[in-house]
Amino acid sequence: MTALAARVPAGHYRFRHAARMEWIKLSSLRSTWWTLAIAAAGAIGIGVAVGINTRNAAGDLTNNALAGIIPSLLLMGVLGTLTVTSEYSSGMIRTTLSAAPRRPMLLAAKAAVFGAVAVTVGEAASFIAFFAGGAALRHGIPAPALTQPGVLRAVLLSGVSFGLIGLLGLGLGAIVRHSGAAIAVVVGGVYVLPTIVGSVTHKLGVFMPIDIIGNSLTTTKPEPCSAHASYCTHFLSAWAGLGLLGLYAAAALAVGGWLFAHRDA
Amino acid sequence: MIEVRELTKRYGSTLAVDHLSFDLRPGTVTGFLGANGSGKSTTMRMILGLDSPDAGQVRIGGRRFRELRWPLREVGSLLEARSFHPGRTARSHLAALAASNAIPRHRVNEVLDQVGLASAAGRRAGKFSLGMAQRLGIAAALLGDPSVLLLDEPVNGLDPAGVRWIRDLLKSLAAEGRVVFVSSHLITEMALMAERLVVIGQGRLLADTTVAEMSATAPSLEDAFLAMTEASAEYRAAQPASALTSRKEGSS
C-alpha cells in the first residue's frame with residue numbers, strides 16, 4: 001500500500017468538500033429550481049391577493065402579507081425530504097457514500113447546504129411578499145413599514161421558517177428514507193396532524209409547526225382574545241416559537257443522523 | 001492490499017456471508033465468482049462500508065473504508081449501474097463527486113473521454129441506456145485515479161466492443177500496480193479478464209486460486225466452477241450448516 005499512499009495527497013476530505021458536493025448535487029437538478037421558484041411565487045402571490053382583499057386596517061397587515069408562507073412551506077418540506085430520499089430511490093446513496101463515507105458529517109453538510117438555500121429563498125420570498133402585499137393594499141390602508149414594532153422580526157422569522165421546515169423534512173427523510181412514505185409523514189405531521197390536534201384541544205395546537213409559524217413567528221402583535229370565544233388561545237411568543245420549531249428540526253436531524261450512521265445504506 | 005477477515009453478514013435468518021476471508025493484492029485482476037445470491041454483492045457492500053458486517057472486518061491498506069482520507073482517490077467502485085440521480089447530467093454527477101474529494105475539475109472531462117461519454121456529458125443520466133449508465137459508473141470509479149478498483153458486474157449491458165474495452169482497461173489498470181477486484185457470473189469473461197479468482201458459494205469461500213489452477217481441474221473454467229459450486233451445494237445439503245468450515249474441496 002506504500003504505492004497507494006504516495007499517490008494520495010496529504011490531508012483528508014472535510015466538511016467543506018462534502019458541502020461543495022452537496023451544493024453541486026442540489027443546484028444541478030432542475031427540479032430544485034422549479035420547486036424553489038414555485039414556493040417563492042406562491043408566497044408572494046398569496047401575499048398580494050390577501051393585500052388586495054384586506055379591508056381591516058386595524059388587522060396585522062404584516063401577518064396578512066406573509067399569509068402565503070405556510071402553503072409554500074409545504075414545498076420546502078417536501079424538497080428537504082427529497083434531498084435525502086431521492087438518494088435512496090435513485091441509488092445515488094451508494095455513490096455518495098463511496099465519496100464521503102463519514103455519515104454524520106455527510107448529513108450535516110447536506111443539512112447545512114439545504115438549510116442555507118432554503119433560508120436564502122425564504123428571506124427573499126418573505127421580503128418580496130411583505131412589500132408586494134403592502135403595495136397591493138387598497139381602500140386607503142397604508143402599507144406596513146419594517147420600522148414598525150415587530151415587523152422586521154416577523155418578516156425575518158418568516159424566511160427562517162423556510163429553512164426550519166426544510167430541515168424538518170430533511171431529517172424526516174433520513175428517518176423514513178422512502179420518498180412516498182416520507183412525504184406522507186411530512187405533510188401529515190406538519191399539515192394534517194395540527195388540524196386534528198387543534199380541533200381536539202387548542203392548548204396543544206399552539207405547539208404545532210403551522211400554528212407556530214402562522215401565529216407566533218409571522219405576527220407583529222399577540223392575537224387579541226375574541227370577545228365571543230369561550231376560551232382564549234395563548235400563542236407562543238415569536239422567540240419561544242422559533243426555539244420550539246428549531247428543536248423539532250434538530251430532533252428530526254439528530255434521529256435521522258443517528259439512524260443514518262447505524263443502518264445499512 | 002485489501003484484507004477481508006472472517007466477514008459475516010446475516011439478513012434475518014439467512015446467512016448471506018459466512019466467515020469469509022481473502023486478500024486482494026495489487027498488480028492483478030482478481031475475479032469474484034459465485035452463483036446468484038452467493039453473497040458477492042453483499043461482500044462488496046461490506047468492503048465499501050455500505051453495510052456493516054455482523055462479524056469480521058475489512059482493511060484497505062490497514063484502514064476501514066470509513067477511515068480513508070480521500071475515499072475516491074483510494075478506492076474506485078461500481079456497485080450497480082444506476083447509482084446516480086436520473087435528473088442530473090453526467091458531467092454534474094462527476095463534478096459533484098470530484099468536489100467531495102478535492103479532485104481537480106479537469107479529471108471530469110478526462111474520465112468522460114476515457115469511457116466514451118464525452119458527447120453525452122450534458123445529457124441527463126436518467127435517459128442513458130444500460131451500457132451508457134455502466135460507462136458513467138466506471139467513469140465515477142476512475143475519477144480519483146484510485147489504486148483500488150472494486151467493480152460489481154461491470155460488463156452488464158455493454159456491447160461486445162464495450163466488453164473488450166473494459167477487459168483491456170482493467171488489465172492495464174492492474175498492470176499499473178492497482179488492486180482490481182471484479183465480480184461477475186460470466187465465467188467465460190472471467191477466464192479472459194482475471195488472473196486470480198475468489199470463488200464463493202452460499203457466502204463461504206470455495207476457492208482462493210488462479211484461473212490457470214482452477215481451469216486445470218476440469219475441461220474448462222466453467223466446468224470447474226459448476227463442479228465446485230455443485231459440490232458445495234451437495235455438501236451443504238448433507239450436513240448441518242454449523243458443521244461446515246469455510247475451506248473445503250474447492251481448491252483440491
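Taken together, the values in this text are just the output of simple stated rules run on the coordinates, not laboratory data. Note that the coordinates shown come from a computational prediction; the quantities given were computed from them, not determined experimentally. Using ideal geometry, Cβ is built from the backbone for each residue, glycine included, and neighbour counts are taken over all protein chains shown.
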- Query: Just for the stretch B:2-251, what percent of DSSP beta bridges are antiparallel, to the closest 5?
  - Reply: 55 percent
- Note on the structure: Log10 I(q)/I(0) at q = 0.15 Å⁻¹ for chain B, from Debye over equal alpha-carbon scatterers, is -1.06
- Task: Take the alpha-carbon centre of the stretch B:76-146, take the same for the stretch A:105-147, and report the distance between them in whole Å.
- Result: 37 Å
- Task: Based solely on C-alpha atoms, express the radius of gyration and the Dmax of the protein assembly as shown in angstrom.
- Result: 28.3, 97
- the stretch B:21-107: radius of gyration over Cα atoms, expressed as a fraction of 2.2 N^0.38 Å: 1.25
- Task: Determine the relative contact order of chain B: mean sequence separation of Cα pairs under 8 Å and six or more apart, normalised by residue count, in whole percent.
- Result: 26 percent
- Length-normalised contact order for the stretch A:1-100 - Cα pairs under 8 Å, 6+ apart - percent: 28 percent
- So for the stretch B:2-251, taking the charge dipole from beta-carbon charges (+1 Lys/Arg, -1 Asp/Glu), which of B:112, B:205, B:187 sits furthest toward the positive end? B:112
- Task: Please report the relative contact order for the stretch A:14-262, taking Cα pairs under 8 Å with a sequence separation of at least 6, and give it as a percent rounded to a whole number.
- Result: 26 percent
- Message: What does the net charge come to around residue B:121 if you take all other residues with beta carbon closer than 12 Å to its beta carbon, with K and R at +1 and D and E at -1?
- Response: +3
- Message: If I take the Cα coordinates of the stretch A:102-245 and project them onto the principal axes, what are the three extents in Å, biggest first?
- Response: 56, 36, 25
- Tally Lys/Arg at +1 and Asp/Glu at -1 over every other residue whose Cβ is under 10 Å from the Cβ of residue A:150; what's the total? +1
- Message: Restricting to Cα atoms and excluding each atom paired with itself, what does the Kirkwood estimate give for chain A in Å?
- Response: 19.6 Å
- Item | For residue B:185, net neighbour charge (Lys/Arg +1, Asp/Glu -1) across residues whose Cβ lies under 12 Å away | -3
- How many percent of DSSP beta bridges within the protein assembly as shown run antiparallel, rounded to 5? 55 percent
- Comparing B:26, B:219, B:86, which has the greatest mean-square fluctuation in the GNM of chain B with Cα pairs linked when under 10 Å apart? B:219
